[in-house]
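Please read the structure below before turning to the comments.
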Amino acid sequence: MKILNPFKLQNWEYKKFLIVILGIQLSLLGLFGLNKLGVETPILRAFIGFIYVSFVPGYLILRILKLNKLDSLESFVYSLGLSIFFLMLVGFLINILFPYLKITDYPISETPVILSLSGFTVLLLIISYFNNLKNTSQEYLNIKTVLNPQFLFLSLIPFMAIFGTYLVNYFHTNLMILLMFLIISITILGIGFTGIINKKYYPIILFLLAVSLVFHIVLIGQYVNNHDGELTGAKETLNQNYWDYLKYGNYASILSNNLLAPIVALVCNLGIVYIYKIIFPIWISAFPVIIYKISLKHLSEKESFLGVMLILSSTAFINIFTVITKQFMAELFISLSILGIISKISQFEKKIILTIFSIGIIWSHYGTSYLYLLGLIFVFLILKLYNIIVKDNNIENLKIIFFWIKIYILIILSWYFFASGSSLYIAVLSIGKSMYISIINGAIDEGSRGVTYLTEKSFDYLSLTIKVMNILPIFMITLGITDKIHNFRNLNINICYLSISVYFLGLLFATLLPKFAVMGPERIYLLSLITLSTFFVFGVTSLSKLLCNNKKDSVLKKVVLKLTFCYLLLLMLLNYGVIQEITLKQPNSIALSENSVDKYSSFSNMAKYYGKKIMACDIYSIKWLSKTHIYDTIGYTKGRYSVSMIPKNYGYIYDNDYKLNVNLEIKKSYIWLMYANVVKHIGFGSNLNAGLASQYNFSDLESQIYENCKIYDNGQSQILIT
């Protein structure tokens, strides 16, 4: 039995296409109407709303652009990216225009958002009718593909993550999550060593693995683990029903948090916490699928899967994307733009796609958008040089990149002058000046985040092993890029793709420079893996050639690939704390180590665990303080840990509004002591030179701190006044 391929919805004949789109649209409006009448439909409204915001606008835009020759995977990921862009665009327009036109002063509220999205969707539907009515290149999907036992069994993995976190939260047992990692391990080894699993399921498996890995972290606890005030910005927009784009500061320019998250919450009728715990994690899980599709342009299916495994095995994937979602949004659009460059679509279609995704990058994250701009300029210069050396008369890539750079610069300058009071330019100039002075005065020093990470003392052999295993893939990547550059005259790889990869590798090594504070090494590493994951596989292949003296040996290559699968699986189990939990050697996983961290971990690993664990007692105390305080100085052990974001995310206590100072000699100030301080005697801080997290024994300060008057105590969190 066959059904119309839902992943290529844009190719359906118009009548069927219309029925699906209008069906989803009318369902959403119907549920919205029922809710207004007092009839609650929480699960159904959330499900229909999720489908609507994730795919409906995207497939409409794909149909309007006549992108009919995309395969199912490309159609799926492009639709997601275009839909996210559409939500931000509509939110931005109604936020600006509705108050100006005197329609409403509260544009980011439920009724204006849903009616506006519906109106724009109908407009896209009308345009698609006149622009692409006669498209009939329909494809069908065999229902046996979905009902295949392999697919059905692997589909259980995300549910194991959901049920496993439920058991951790309420019954304090991690057995289900450990079982989930066992199934994941068997699946990865099955792909690496056998051909039992059909290759057509690889992208689905990657999505299922990604969503399971993300869920097993974000669903722990009832609070959002979030950095950089993202949650605060979303809450402010929802509370004010308006995005204050004139507010000074880099964070004010980020639509992915200040508008996107509130809009999705309003459409799905969900609390903002569920957006960060459910909706965004599902979107995050599409990222490995995009990288897989990009890699397929240069590698086989199994090799592409291996390259994406490097991303999934890295803690950066869950440590960064789940707590700094603005970087995920930017990387989503970057990966889609790179896919657009190397895809076989027309030059006009590329220009449209690149313009849309460029806006998406700029709206998502200020730092990433500037780094990517430098990358585009680098690619243009390399293309220019390449054409001179090899006398390549094909200048289409040059034209498209030059167009992209012009559009990108125009958009980025316009946007950051419009939003956030141009604060980003001041920050960029400050960073550039610091780097220049440091380079002139001397080479690498302790101000380098990368050097600090490399030279940071490891207190046990296991930690040292994990650090070395995480660094070794960079050498494989370097080997892969070196091999491709050495054979550049006989390249079998897109030159644009190689150029941006060289730039990303240079960016990764730039973290060794002093004062390079654009992002931490982990964030740069995750950004670079958009393309460098492919070169990791190239590096592994080059290594196998070196081992057999550059002779073609398919048997040795297969053995090396299998060993690499084992290596990355081991790295994943170490990075996610599975092996530490099983062996009871330094366990610190937020999902696995609740019952073991105090007994078997060192002080530093305990700090890592409790630095990520958001406790209800800390939320209660900071909310109490935010309502009752009369002084403007609040001290606490602030460091680069998730718990340090509690005052901002849950108490609305901002760095620019209050003097956050741990100087105990300041009079008429508060001292906020969190669970980690009071119960576990852990203090949090930062390496001032490199901006990395640090910790210390809080007991050393207790005698001095408790000389002050205690004004709040819930048994686990306290507030004192000096």
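The values are calculated or read from the model by the stated rules, or taken from the named source; none is laboratory data. Bear in mind that the values here come from a model prediction, so they are computed numbers and not experimental data. When we count neighbours, we look across all protein chains shown, and the Cβ atoms used for this are built from the backbone with ideal geometry, even at glycine.
Structure data summary
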read-out	value
S448 vs. criteria at pLDDT below 65 and either surrounded by fewer than 18 Cβ atoms within 10 Å (Cβ to Cβ) or at positive phi (or both)	no
Residue within region 234-255 that is surrounded by 18 or more Cβ atoms within 10 Å (Cβ to Cβ), in a helix (DSSP H, G or I) and within 14 Å of the chain's Cα centre (by Cα) present	no
Every pair of residues 6+ apart whose Cβ atoms lie under 8 Å, when the first sits in region 94-108 and is in contact (Cβ under 8 Å) with a residue 12 or more places away in the chain while the second is of a type in the set (V, I, T) and not in a helix (DSSP H, G or I)	I94/I108; N95/I108; F98/T104
Complete set of residues in region 576-613 that are farther than 17 Å from Q695 by Cβ, hydrophobic (A, V, I, L, M, F, W, C) and surrounded by 20 or more Cβ atoms within 10 Å (Cβ to Cβ)	V578, A591, L592
Test result for V56, modelled with pLDDT of 90 or more and part of a loop (DSSP other than H, G, I, E, B)	no
Residues of region 657-695 satisfying the condition of being modelled with pLDDT of 70 or more and aliphatic (A, V, I, L, M)	I671, L673, M674, A676, V678, V679, I682, A693
Filter result (crowded, with 23+ Cβ neighbours inside 10 Å, in a helix (DSSP H, G or I) and out of contact with any Leu (no Cβ under 8 Å at 6 or more places or on another chain)) within region 64-79	F76
So F120, is it outside any loop (DSSP other than H, G, I, E, B), touching a residue at least 24 places away in the same chain (Cβ under 8 Å), touching a helix residue (DSSP H, G or I) at 6+ places or on another chain (Cβ under 7 Å) and closer than 23 Å to V53 by Cβ	yes
Residue in region 159-170 that is in contact with a Phe, Trp or Tyr (Cβ under 8 Å, 6 or more places away or on another chain) and surrounded by fewer than 19 Cβ atoms within 10 Å (Cβ to Cβ) present	yes
Qualifying residue in region 33-51 (condition: surrounded by 14 or more Cβ atoms within 10 Å (Cβ to Cβ), acidic (D, E) and either under 23 Å from I275 (Cβ atoms) or in contact with a Phe, Trp or Tyr (Cβ under 8 Å, 6 or more places away or on another chain) (or both))	no
Considering residues of region 35-70 that are under 27 Å from the mean Cα position of the chain (by Cα) and free of Cβ contacts under 8 Å to residues at least 12 places away in the same chain only, the residue nearest to Q25 (Cα to Cα)	F47
Filter result for L231 (crowded, with 20+ Cβ neighbours inside 10 Å and either under 29 Å from S295 (Cα atoms) or in contact with a Gly (Cβ under 8 Å, 6 or more places away or on another chain) (or both))	no
From L429, L479, L454, residue being crowded, with 18+ Cβ neighbours inside 10 Å and either farther than 18 Å from I342 by Cα or modelled with pLDDT of 65 or more (or both)	L479
So I51, is it under 24 Å from K235 (Cβ atoms) and among the β-branched types (V, I, T)	no
Test: residue in region 144-155 that is part of a helix (DSSP H, G or I), among the basic types (K, R), in contact (Cβ under 8 Å) with a residue 12 or more places away in the chain and under 30 Å from L62 (Cα atoms)	yes
Among residues of region 93-109, those that are surrounded by 17 or more Cβ atoms within 10 Å (Cβ to Cβ) and in a helix (DSSP H, G or I), counted	3
Residue tally, condition in a helix (DSSP H, G or I), surrounded by fewer than 16 Cβ atoms within 10 Å (Cβ to Cβ) and either at pLDDT 90 or above or of a type in the set (A, V, I, L, M, F, W, C) (or both), over region 343-399	8
Where a residue in region 554-575 is in a helix (DSSP H, G or I) and its partner, wherever it lies, is modelled with pLDDT under 90 and not aliphatic (A, V, I, L, M), with Cβ under 6 Å and at least six apart	L556/S544; L556/C548; K557/S544; V560/S544; N575/T315
Meets criteria (among the hydrophobic types (A, V, I, L, M, F, W, C), in a loop (DSSP other than H, G, I, E, B) and touching a helix residue (DSSP H, G or I) at 6+ places or on another chain (Cβ under 8 Å)) for L592	yes
Residue within region 34-41 that is assigned to a helix (DSSP H, G or I), closer than 30 Å to E349 by Cα and of a type in the set (K, R) present	no
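Residues checked against (1) over 21 Å from A46 (Cβ atoms); (2) at pLDDT 90 or above; (3) out of contact with any Asp or Glu (no Cβ under 8 Å at 6 or more places or on another chain):
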{"position": "D228", "(1), (2), (3)": "yes, no, yes"}
{"position": "T232", "(1), (2), (3)": "yes, no, yes"}
{"position": "L260", "(1), (2), (3)": "no, yes, yes"}
{"position": "A265", "(1), (2), (3)": "no, yes, yes"}
{"position": "C268", "(1), (2), (3)": "no, yes, yes"}
{"position": "V289", "(1), (2), (3)": "yes, yes, yes"}
{"position": "M309", "(1), (2), (3)": "yes, yes, yes"}
